[in-house]
1. Given the options Leu65, Leu199, Leu365, state which has the largest fluctuation in a GNM of the chain using a 10 Å cut-off (strictly under) for Cα springs.
2. Using 0.36 nm times the number of residues separating Asp356 and Thr105, minus their current alpha carbon distance, what extension gain do you get?
3. Given the options Ala72, Gly172, Val136, identify the residue whose Cα lies farthest towards the positive end of the charge dipole of region 16-259 (+1 on Cβ of Lys, Arg; -1 on Cβ of Asp, Glu).
4. With springs connecting C-alpha atoms under 10 Å apart, model the chain as a Gaussian network and identify which of Asp85, Asp260, Asp246 has the largest mean-square fluctuation.
5. Straight-line reach from Lys218: which lysines have Cα under 25 Å away, leaving out those fewer than 8 places along the same chain?
6. With a cut-off of at most 15 other beta carbons within 10 Å, and DSSP calling the residue loop, which chymotrypsin sites (Phe, Trp or Tyr not before Pro) in region 304-376 qualify? Please list them.
7. What is the log10 of I(q)/I(0) for region 1-136, computed with the Debye formula using one identical point scatterer on each Cα and no solvent, at q = 0.11 Å⁻¹?
8. Glu17 accessible area, nearest 10 Å², 1.4 Å probe?
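The values are calculated or read from the model by the stated rules, or taken from the named source; none is laboratory data. None of the values given here were measured: they were computed from a predicted structure. Neighbour counts are summed over all protein chains in view; Cβ atoms, including those assigned to glycine, are modelled from backbone coordinates with ideal geometry. Side chains are part of the model used for accessible areas, which takes the heavy atoms of the whole protein and leaves out ligands, DNA and RNA. Shrake-Rupley method; radii C 1.70, N 1.55, O 1.52, S 1.80 Å.
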Amino acid sequence: MKKPLLMTPGPTYVSEEVRMAMAGTITNPDLDLSFYDFYRTICQDIQQLLDTKDDTLILSGEGILGLEAACASLIEPGDKVLCLDNGIFGKGFGDFAKIYGGKITYFKGDYKRGIDSQQLKDFLEKNHDFKIATLVHCETPSGITNPIDQICPLLDTYGIISVVDAVSSVGGEEVHVDDAKIDILLGGSQKCLSAPPGLTFLSISPRAWNKILNRTMKIKSFYCNLAVWKSWYEDKWFPYTQPVSDLYGFATAVKRCLKDEDKLKRHARIAHAVRKAIQASGLELYPYSGFSNTVTTIQIPKGINFKTLFNEMLHDKNIMIGGAFDFLENRVFRIGHMGENCYEDKVLVTLKALEDILRKHDVPLKESLYEVFLDN
Ligand SMILES: *Cc1c(COP(=O)(O)O)cnc(C)c1O
């Protein structure tokens, strides 16, 4: 059976070019000195992607490793951490900070809108005694993108180190680490970059390095310890054997992404057309505002449940769509239009299939999903 068209908000479709790159000859990455230069080239490409001069690293582990490594390396027991929470990932970030002894304060935003930077500004005027702040760029479950270009400069004015989870946005939304004064920004291989799951990457500002390298208490981890990477290139030393094949594939995926000059416009255009189609048909988007350009979250309409919708999309149409977890479970479904999936043809067949199934279950649609999509 042919693998389904993967329209989930990660993992996404991996191109043949990336898969072929992964078949390259394996070397010993510790002893083959050219591998250090290869790894450094990927780091430089990541700098270009994130628009930063800061150091960048690629770690062998899924996006969650990036989150945890940032928390483990930055947070000392008792450090005051501000956790910006307007969604499942934002709230969960606080749990990682707690594991490493952070004293958490939540700044709670509306779960159906992007974080309001004016409200945050007012809050910070009165409360700014924080060392670190955590936030999420794209809240993937709810399909909301937060304005990191407004939020992070605010945090910076109070000297608060910002840690941004941009796993589902890098490559699909504007990210300018230096302009936005972001201290640590992390991404994952399997979302908009369309490489297989398994790698996380991050940028680290001089201020973040300074905190990491001048702690009173030692970092209680090795795999999550960013300090051990400080001079990997000069010392020709990796803390552990590098995942050679994953890095071959990832390097190619990042190059493809950099070459694709239309990508951000295409993500914005397609996301807009999907939303138009959903709204014109009478279906309901989950968020009220702050819509993501990489994923659309839609309320499950009356007349069908998620399990039926998911199974019929998969078995009758060979298309895999996303659900959600936590409090959104069985309330929404999600279409990922990120990275290699962000093309008109893939989204069109997805909406056509969705329309067939909804009509079969007598879910009323005021207009045709795919016709409105095509007109926008
Ligand atoms: C996908 C994703 C991650 C990585 O988490 P997994 O659930 O393990 O894939 C982290 N943060 C965000 C915002 C994500 O979308």
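1. Result: Leu365 has the largest fluctuation of those listed.
2. 85.7 nm
3. The one lying farthest along the dipole's positive direction is Ala72.
4. Asp260
5. The reachable lysines, counting only those whose Cα sits under 25 Å from Lys218, are Lys80, Lys98, Lys103, Lys131, Lys230, Lys236.
6. Taking region 304-376 and a limit of 15 other Cβ atoms within 10 Å, the loop chymotrypsin sites (Phe, Trp or Tyr not before Pro) found are Phe325, Tyr343.
7. -0.64
8. 90
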